[in-house]
Amino acid sequence: MAAAAAAQLAHLAPVDALGWVQALLAAAALFLVYRYLIRPLDYRRDLSDVGFGHVGGVAGAGVRHRRADVVRDVRRRRRVGALPPVYPNGWFALLESDALPAGEVRHVAALGENWAVLRTADGQAHVLDAYCPHLGANMAVGGAVRGDCLECPFHGWRFNAHDGRCAAVPYADKVPEFARVKRWESCEANGFVFVWYHAEGEPPSWQVEAVPQVARGEWLFRGRSEFLINSHIQEIPENGGDVAHLNAIHAPSLLGGGDLVRAQKLPFRFLRHVWAAAWAAQTEPGRTHLATMHLQHETRLLGKVRVLAMDVRAEQIGPAYVEMYLRSALGDLLIVQAVTPLEPLLQRVVHHVYAPPRLALFAPLLLLSEAIMFERDIMVWNHKKYEDKPLLVREDKTIQRHRRWYSQFYSENSPRHSFVSQNSLDW
Ligand code: FES
Ligand SMILES: [Fe+2]
């Protein structure tokens, strides 16, 4: 009997093993399809991930630690230059919309402020000062959204999210008339919650408009990228006015990746990108916060054969937000870019890509390509100094024009970088 069973098992085992292998391969294929084709892309790069490839050694945690040390050294020893003010006036993205479910609160520290960003049950996002005026607790850390109010975790005081007024003190008979927390002007569009920041306390002079195709759901969210960058905010949008850098750092093939040294290597030279660009600020009254860059891009094989072409219209909307409308043979797509100064010389940049359903698989690839090109810029920004008197040739004229345009976002009381930390021996 036992012998018969063993014989049967021996007969079945190879078939079962094959079945298992097939099932595992099918599961792996399904996972890869879901991970890379169906789920929106989520591409994140930390401060030491870009522009520090030269800090080598044995791969793994050791390299990460060494790179973190080098980042600290670069930040401490760099000559920053005669910087413009560090926080311009305008709309700044504090959070991505889907990071803020209804009934929740998040803490955001940026532009030298600390905010409680919350969403009430009706779906509206609000921005309040994070610190409770009672005894200074950070209401976004351990606090809760109760109806229209934010409740402080320390003693339970509640503040109305619509006007910042204190609505309840749980252990007092009377709510002090004057008790309130500062409420900041905010809006939500194109996947981001924005705050209006103005050094003189002036109200918004323009709005971030919703892109109709995104608001109507015709273009789908297909991915995001996120970077931390060691630079002054102005360096990032200034790329738009800097036409000459395109055919330098963005010419080598995408296949070479985001590292400038590697990108120039011989194996990748068969493919190159060719760019033509024009930048202009808008001058009509009420539209001076806008500037447009037109880009024509071609990918050429062996310097001649055109394998891909794309037109891009990049709309700079204020000091920290850009919409890039990309027109390819396959159709139109949108990449939005939001820059948030976390510190005077530390920027978080988030990109979202939106596309019609038929380009749902193409859009993440496009965002990844854009991320590779963007990393080449970051490699420069992470190490450069701000040159307030650049040595320019006639062909560089849009750099100066861009600086003039951008200077409208600074005002008398715009915060300036303190040089104390650079000169101090206290480290
Ligand atoms: S510190 Fe917020 S209620 Fe006391
Ligand atoms: Fe660039």
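The values are calculated or read from the model by the stated rules, or taken from the named source; none is laboratory data. The model shown is predicted, which means the values in this text are computed figures rather than measured ones. Here the Cβ positions follow ideal geometry from the backbone for every residue, glycine too, while neighbour counts run over all protein chains shown. Areas reflect the complete protein model, heavy atoms only, side chains present, ligands, DNA and RNA absent. Shrake-Rupley method; radii C 1.70, N 1.55, O 1.52, S 1.80 Å.
So here's what we get for this one:
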| item | result |
| --- | --- |
| Cα Rg, Dmax, the stretch 211-409, angstrom units | 16.8, 51 |
| GNM top mover of Gly51, Gly142, Gly223 - the chain, alpha-carbon springs below 10 Å | Gly142 |
| Residues of the stretch 100-138 with amide N under 13 Å of a point placed 7 Å along Cα→Cβ from Phe154 | 130-138 |
| Partnerless cysteines, meaning none of the other Cys C-beta atoms lie under 4.7 Å away, in the chain | Cys149, Cys166, Cys187 |
| Simple Cβ-charge dipole of the chain, Lys/Arg +1 and Asp/Glu -1, about Cα centre, in debye nearest 20 | 1420 debye |
| Partners for Lys304 among lysines (Cα-Cα distance below 26 Å; same-chain residues under 8 apart left out) | Lys265 |
| Where trypsin sites (Lys or Arg not before Pro) in DSSP loops with at most 10 other Cβ within 10 Å are excluded, longest remaining stretch of the chain | 305-427 |
| Pairs of Cα atoms farther than 32 Å apart, the chain, % | 47 percent |
| Choice from Gln22, Gln207, Gln124 with maximal GNM fluctuation in the chain (Cα, 10 Å cutoff) | Gln22 |
| Accessible surface, per residue, of the chain when the full set of protein chains is kept, probe 1.4 Å, Å² | 52 Å² |
| Virtual spin-label span in nm between His54 and Leu302, 7 Å along Cα→Cβ | 3.5 nm |
| For the stretch 211-409: relative contact order, % (alpha-carbon pairs under 8 angstrom, 6 or more apart) | 29 percent |
| Accessible surface of the stretch 48-201, 1.4 Å probe, proportion on carbon and sulfur as whole % | 50 percent |
| Mean Kyte hydropathy of 1.0 or more with a Cα span along the axis of at least 30 Å, helices from DSSP in the chain | 2-33 |
| Gained length - Lys385 relative to Asp122, 0.36 nm times residue gap less alpha-carbon distance | 90.1 nm |
| Relative contact order (percent, whole number), the chain, Cα cutoff 8 Å, 6+ residue spacing | 19 percent |
| Efficiency of FRET between Tyr171 and Ser418 - r from beta-carbon atoms, R0 51 angstrom, step 0.05 | 0.80 |
| Theoretical FRET efficiency, 1/(1+(r/R0)^6), r = Cβ-Cβ of Arg79 and Asp46, R0 25 Å, to 0.05 | 0.55 |
| Near-label residues of the stretch 177-200 by backbone N, under 17 Å of a point 7 Å along Cα→Cβ of Glu104 | 191-194 |
| Within the chain, percent of DSSP bridges classed antiparallel, to nearest 5 | 95 percent |
| For the chain, calculated [θ]222 nm from helices alone, where every DSSP H run of n ≥ 4 adds -39500 (n - 2.57) | -7000 deg cm²/dmol |
| Computed label-point distance, nm, for sites Ser328 and Ala215 using a 7 Å Cα→Cβ extension | 2.7 nm |
| Inter-label distance for Val141 and Glu395, nm, one decimal - labels placed 7 Å from Cα along Cα-to-Cβ | 5.2 nm |
| Choice from Leu24, Leu359, Leu330 with maximal GNM fluctuation in the chain (Cα, 10 Å cutoff) | Leu24 |
| Range in the chain, longest, excluding exposed GluC sites (Glu not before Pro) [loop by DSSP; at most 16 other beta-carbon atoms within 10 Å] | 219-386 |
| Cα-based reach from Lys174 at 21 Å (exclusive), listing lysines while leaving out same-chain residues under 8 positions away | Lys182 |
| The stretch 84-156 versus the stretch 202-238: alpha-carbon centroid distance in Å | 20 Å |
